[in-house]
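The values are calculated or read from the model by the stated rules, or taken from the named source; none is laboratory data. All of these numbers come straight from a predicted model, not from anything done at the bench. Positions of Cβ are backbone-derived with ideal geometry, glycine not excepted, and every protein chain shown enters the neighbour counts. Each accessible area value is taken on the protein alone, full model and side chains, heavy atoms only, with ligands, DNA and RNA left out. Shrake-Rupley method; radii C 1.70, N 1.55, O 1.52, S 1.80 Å.
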Amino acid sequence: MKKLLLTALFSTTAAILSPYALSAEVPFAIAIHGGAGTIEKSRFTPEQEKAYRAKLKEAVETGYRVLEGGGESLDAVTAAINVLENSPYFNAGRGAVYTYDGSHELDASIMDGRDRQAGAIAGVKHIENPINLARLVMEESVHVMLSGQGAEEFAKQQGLSLVENNLFDTEKRYKSLLKAKEKLDKAKATSKDYQAAHNALPDNYKMGTVGAVALDKNGNLAAGTSTGGMTAKRFGRIGDAPVIGAGTFADNASCAVSATGHGEYFIRYNVAADICARVQYQDKTIVQAGNEVINDVLKPIGGTGGVIIIDSKGNMSLPFNTSGMYRASKSNSQATKVAIFKDE
Ligand code: ASP
């Protein structure tokens, strides 16, 4: 009996002291989004809805596995975003929207919460996985943001092969371009009219982007965002996704954020950095800070969209002010959650 008691005592102590038991207490987590907008259940067939949910699940679980295996949050973010970029369902990589001129121009950025290192690319046309190039800019260049041809020259130097722009063609996005142009061309006379007509386009023409935020077992945060931007964008328009502080932000001292929405507003209101500043300087929780910026600041002025946020304890918040946002999350204490519509 005494022996039994001793064995029980020993195994309990061992369980408490074992590094495994300790590491099991360390939080790690990931959240992803696949864009916000007028996303209503009535627009999906049951099969389509199932397929979107399955892809979101695959992306979040791909990132989660990196974290679970002790990998860095930057790797988890990159891996999750690659899954979404490689899918035609989302407006990034393979599913990128068309510019007014009928091509695809891609933007992306990534940020490391350890030291606020960041990399971004804007307006690239021949990069299969823009988030990978953003990461190379961060890790292998002395700059933060590269654009257009220069960014692609850098990509070649880094050993990335360039792809044809038509790799990103999809019938669905092409139809959206034709519809958007029909609406826009009526208002082409002056650039102000054009701008107003563009603003008046339904959300679905303006939105869609993918992103991920993660916390790894070492307590490091990271955020990344990748997008095709807005349907029928012109004149080399660049949105918020590659703008550090607007579409992407990460700092271990506060939080990590990836945004999706009407980029012009997200740039002007410095959305991702504003949320983290509220956490850092006003002691707000990520839930409070996210809701304030998305619902109190952006919504009244017409800034539609949403964000995913994570803090250094592994708390996650995914607020948006549109009818839906493709999203998913998973942590060491929370099973995979996938959602699309508002009330779920
Ligand atoms: N924010 C992106 C842009 O303005 C689009 C989106 O997220 O829906 O380019």
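Observations on the structure shown:
- Residues whose placed amide H lies under 5 Å from that of Ile127, excluding near-sequence neighbours: Val163
- Volume per residue for the stretch 204-295 equals 91 cubic angstrom (convex hull of Cα atoms).
- Per-peptide average of other Cβ atoms within 10 Å, ordering 125-131, 290-296 highest first: 125-131, 290-296
- Whole-Å distance, taken between Cα centres, linking the stretch 138-156 and the stretch 224-297: 22
- Only helices enter the 222 nm calculation for the chain: every DSSP H run of n ≥ 4 contributes -39,500 (n - 2.57), and dividing by all residues gives -11500 deg cm²/dmol, rounded to 500.
- Cα gyration tensor shape of the stretch 268-344, rounded if a/c is under 1.5, else prolate or oblate by comparing a/b with b/c: oblate
- The figure for Met230 is an accessible area of roughly 10 square angstrom, using a 1.4 Å probe on the protein chains alone.
- Cα gyration tensor shape of the stretch 47-134, rounded if a/c is under 1.5, else prolate or oblate by comparing a/b with b/c: oblate
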